[in-house]
Every structure is written in structure tokens, then in C-alpha cells.
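The values are calculated or read from the model by the stated rules, or taken from the named source; none is laboratory data. If you're wondering where the values come from, they're calculated on a predicted model, not measured in any experiment. Neighbour counts run over all protein chains shown; Cβ positions are idealised from the backbone, glycine included. Quick note on the areas: whole protein, heavy atoms, side chains included, nothing else; ligands and nucleic acids left out. Shrake-Rupley method; radii C 1.70, N 1.55, O 1.52, S 1.80 Å.
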Amino acid sequence: MGAEIRTTRDGYVAYKFFDKSTVMIRPNGEVIRTPAPKYGSDGRNINKGLRLDRDGSLLQTRDEVSNLIPGTHNTGEKLNE
């Protein structure tokens, strides 16, 4: 699908797409999807920290003041499941 593929020092496989969205595969097979960045009128990234579920829907991982919401770091999606 046109992704740039690389392996990180920690053993993750990273797929970076033309729109700057990413899919990371952790060594344990967990899948982490992040959306393409969106910017506000002030140039600030307004969707930083968000993740996508297996269907491409946004998962809220931070509250309105950018604090991490507990239990949202992992998506629960793994390869071969």
C-alpha cells in the first residue's frame, strides 16, 4: 500500500504511509495504528496521541487537557487474532 517499512532498535516494525499515518507492530505482535496528523489554525497537532482501532475508528487516549486516559495505551489488537 505504499508504506515505508523499517525496523526499530527495539524490534518494532514500523509502516509509515504517504499521509503520515503509521502502523507499528510490536515484537509481541500487538498492532498500534495512529492516524495522519491534523493541525489546528495555530499549527498545533490536534490529534496527537490518538490511536485507531482495527476498523479505523478513533480511540480517545487523552482527555481535554492532554492527560493520558488510563487503560487506553494498548489497543488490544494483535496479529493473527
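From the coordinates of this entry, Rg and Dmax of the Cα atoms in Å is computed, and it appears in (i) 16.4, 55; (ii) 12.2, 41; (iii) 13.4, 41 under the label (iii).
Within the accessible surface of the chain, defined with a 1.4 Å probe on protein heavy atoms only, the carbon and sulfur portion equals 50 percent. Once C-alpha pairs closer than 8 Å and six or more residues apart are averaged by separation and normalised to the residue number of the chain, the relative contact order reads 19 percent.
Given the peptides 53-65, 10-22, arrange them by the average over their residues of other C-beta atoms within 10 Å, most packed first. Let's see the in-between values first.
On the way: 53-65: 10.2, 10-22: 12.8.
Packing proxy ranking, top to bottom: 10-22, 53-65.
The residues of the chain expose on average 75 square angstrom of accessible surface per residue, using a 1.4 Å probe on protein heavy atoms. Residues whose amide H comes within less than 5 Å of that of R51, counting only those at least five positions distant or on another chain, are L59, T61 (H built at 1.01 Å from N in the peptide plane). Over all directions, the projected convex hull of the C-alpha atoms in region 28-68 averages 3.6 nm² in area.
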